[in-house]
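Peer 1: Handing you a structure now.
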Amino acid sequence: MSAVLRIPTVLRPALGGAVTVSVEGHTIGDVLSELTNAYPAVKGQLLNDDGTLHRFLNVYINDDDVRYLGGVNAPVANDDEITLLPAVAGGVA
């Protein structure tokens, strides 16, 4: 299965500036594994040591949050659009 992964601005430097990446995989876990194998510098921003999604990373398949679709086991279909959206926090009090 081939899907398009949309890369947020904050992660683009670790992926050579790419805005989108074509990825293969039957699940989100497969997709992220392929991505982190190709771009190891991004792994810590996406996955915990046990392979689960980092809690400050939101992942969507066609606008549906994967946490409600099975997390890393969420199925990915051909031509799905996957969006990575790191949580943003902080600011001035």
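Any read-out appearing in this document is the output of simple, stated calculations on the displayed coordinates, not a laboratory observation. The structure displayed is predicted, hence computed values, not measured ones.
Peer 1: So if each residue of separation counts as 0.36 nm, and I subtract the Cα-Cα distance between R55 and V19, what length gain in nm does that give?
Peer 2: Length difference between fully extended and current span is 10.7 nm.
Peer 1: How tilted is helix 28-38 with respect to the longest principal axis of the chain? Cα atoms for both, answer in degrees (0 to 90, nearest 10).
Peer 2: 70 degrees
Peer 1: Another question, if that's okay. Helix-derived [θ] at 222 nm for the chain: sum -39500 (n - 2.57) over DSSP H runs of at least 4, divide by residue count, nearest 500?
Peer 2: -4000 deg cm²/dmol
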